[in-house]
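See structure below.
A short reminder: the numbers here are calculations on the coordinates, not readings from a lab. Quick caveat: nothing in here was measured; it's all calculated off a predicted structure. All Cβ positions, glycine included, derive from the backbone under ideal geometry; neighbour counts span all protein chains shown.
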Amino acid sequence: MKEKIKSLVKEKNAIILAHNYQPPEIQDVADLCGDSLELSIKASRTDAEVIVFCGVHFMAETASILSPQKTVLLPRRDAGCLMADMITAESLANKINTLPPMPIVTYVNSTADVKALSTICCTSANVVKVANSLDAEEMLMTPDRNLAMYTAAQTGKKIHAWDGYCPSHERLLPEDVIAAREAHPEAEFIAHPECRPEIHAMADVITSTSGMIRHAQASKAKSFIVGTEVGLIYPLQKANPDKKFFPASKKMLCKNMKKISIEDIVRSLENMEGEVKVPEDIRVPALSAVERMINL
Ligand code: 13P
Ligand code: SF4
């Protein structure tokens, strides 16, 4: 199957991008693995004609927003994001009408039509930089309330938070961290900003998935309690074979991130199946929010 993927990739002039939470066998066949920001940048700069996105729907949409001339394939169309589904363009438009004029900062974990109503996008890797880049002391952040509270704490700005969250990160509770710290007292606790604010307060470091990989490489610590989706343990271990990684909670699993199989990639490439294309009337305003972020 892996040989077949290699020859299909060549034949179709394709590139395979995989998020850091994807299963090991998918990460191993990908041309690039990364966090949402790295994948967005790669999607905007590749020469390939076809992008196979091994992640969830909003990631493939972002690639289509950035590269309308390319074919973007999501090998499983039902790989969605529960947090992205917690806001719609209609509900955002209604909210905007209740607030005085202010910038709308939208996490890339959102649908294209929500991005289209936004001033600028952000990821977990650049959210503080994005908020600080705005000449405003007040803003609305969507859809992740935990990321919004993290940004308010880091920047001192007044942030109106949309009431969305990632169920996989929300499941991590302070008692899980206490138990993990007791079991591994020598380990650093690294957490994702999508975790609850109580968890932020307990963390040694708060950063994106790729930020965690870089931090583990740079840190003197030899072991880490990992407060993000359990799939990150694989790239962490691969990049740091002499260090130890323990999930903060095994409940931190995103089923949508585990849907794509090697067979799905083969079928998708063979039949050019699972294309994600954002219509121009949404793509153009969404592009301005995504590009504003990438150009920072
Ligand atoms: P990052 O890899 O950008 O930190 O994103 C985490 C996530 O939840 C993606 O779905
Ligand atoms: Fe969405 Fe959370 Fe899954 Fe990421 S981990 S795709 S934010 S539900």
Original post:
Using +1 on the beta carbon of Lys and Arg, -1 on that of Asp and Glu, and nothing else charged, what's the dipole of the chain about the Cα centre, debye to 20?
Top reply: 480 debye
Original post:
Computed over the Cα atoms of segment 165-289, what is the ratio Rg over Rh, Rh following Kirkwood?
Top reply: 1.08
Original post:
If you project the alpha carbons of the chain onto their three principal axes, what span does each projection cover, largest first, in Å?
Top reply: 52, 50, 28
**OP:** Evaluate Rg over Rh across segment 138-225, taking Cα atoms for both radii and Kirkwood's formula for Rh.
**Re:** 1.00
**OP:** Just list whichever of Lys2/Lys243; Lys6/Lys115; Lys70/Lys243; Lys2/Lys129; Lys157/Lys220; Lys157/Lys222 have alpha carbons separated by over 31 Å in the model shown.
**Re:** Lys6/Lys115; Lys70/Lys243; Lys2/Lys129; Lys157/Lys220; Lys157/Lys222
Original post:
In square nanometres, what is one fourth of the surface area of the convex hull spanned by the alpha carbons of segment 100-151?
Top reply: 3.4 nm²
Original post:
P(r) for segment 131-179: what percent of alpha-carbon pairs falls in each 10 Å bin, starting at zero?
Top reply: 26, 43, 24, 8, 0
Original post:
Using alpha-carbon pairs under 8 Å, 6+ residues apart, how would you state the relative contact order of the chain in percent?
Top reply: 23 percent
Original post:
What is the projected area of the convex hull of the Cα atoms of segment 1-52, averaged over all directions, in nm²?
Top reply: 3.4 nm²
**OP:** Wrap a convex hull around the Cα atoms of segment 90-247, take a quarter of its surface area, and give that in square nanometres.
**Re:** 9.6 nm²
